[in-house]
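The values are calculated or read from the model by the stated rules, or taken from the named source; none is laboratory data. Bear in mind the structure is a predicted one, so any value in this text is a computation, not a measurement. Here Cβ is always computed from backbone atoms with ideal geometry, including for glycine, and neighbour counts include all displayed protein chains. Areas reflect the complete protein model, heavy atoms only, side chains present, ligands, DNA and RNA absent. Shrake-Rupley method; radii C 1.70, N 1.55, O 1.52, S 1.80 Å.
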Amino acid sequence: NSEMYPNAIYNNTVLIGFFMYQRAENQADTATICRFMIDDRFQHKGLEKKALEHILRGLKIQGVKKVVFIINSTNGNAKNLSLSFGFQFTGKMEHGEYYYALKL
């Protein structure tokens with residue numbers, strides 16, 4: 001899918017995770033983060049927050065004005081992380097996933 005952008009997450013030279021976002025041509029000012037994963041070995045060390053900060057900064061540089069973050073309903077850590085950045089629940093739920101949005 002040409003609208004999907006997979007990315008590795010590194011801490012210095014160590015691969016610690018993965019994220020993927022989507023940007024539709026007809027809505028280039030919106031990015032949807034549909035995957036955000038940090039390896040278990042690197043969780044709870046503040047790296048999730050640093051990674052998301054970097055991701056949001058990069059998307060803003062690309063001209064994104066709104067970010068949607070899709071979070072699995074069982075992932076309380078991702079939910080808390082998104083809320084700490086100001087994401088708000090949109091009210092949309094699909095296939096056990098909740099949609100949160102943030103204006104940049």
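Before moving on, here are some points about what is shown:
- Residue count for the stretch 48-72, restricted to those that are aliphatic (A, V, I, L, M), in contact (Cβ under 8 Å) with a residue 24 or more places away in the chain and farther than 23 Å from Glu97 by Cβ: 0
- The number of residues in the stretch 54-70 being surrounded by 12 or more Cβ atoms within 10 Å (Cβ to Cβ) and on the phi > 0 side of the Ramachandran plot comes to 0.
- Residues located in the stretch 22-36, provided they are of a type outside the set (Val, Ile, Thr) and free of Cβ contacts under 8 Å to residues at least 40 places away in the same chain: Gln22, Ala24, Glu25, Asn26, Gln27, Ala28, Asp29, Ala31, Cys34, Arg35
- Residue within the stretch 1-12 that is in a helix (DSSP H, G or I), at pLDDT below 95, loosely packed, with under 15 Cβ neighbours inside 10 Å and of a type outside the set (Val, Ile, Thr) present: no
- When Ala24 is tested against the conditions (1) modelled with pLDDT under 95; (2) within 21 Å of Glu97 (Cα to Cα); (3) open to solvent by 60 Å² or more (accessible area, probe 1.4 Å), the lone failure is (3).
- Residue check, Gly63 within 15 Å of Thr32 (Cα to Cα), over 11 Å from the mean Cα position of the chain (by Cα), of a type outside the set (S, T, N, Q) and not in a strand (DSSP E or B): yes
- Boolean, Thr90 is in a strand (DSSP E or B) and polar (S, T, N, Q): yes
- Candidate set from the stretch 73-95 (those that are open to solvent by less than 70 Å² (accessible area, probe 1.4 Å) and either in contact with a strand residue (DSSP E or B) (Cβ under 6 Å, 6 or more places away or on another chain) or modelled with pLDDT under 95 (or both)); member that is nearest to Met37 (Cα to Cα): Ala78
- Selected residue (criterion: nearest to Val14 (Cα to Cα)) from residues of the stretch 29-53 that are more than 13 Å from the chain's Cα centre (by Cα) and open to solvent by 80 Å² or more (accessible area, probe 1.4 Å): Arg41
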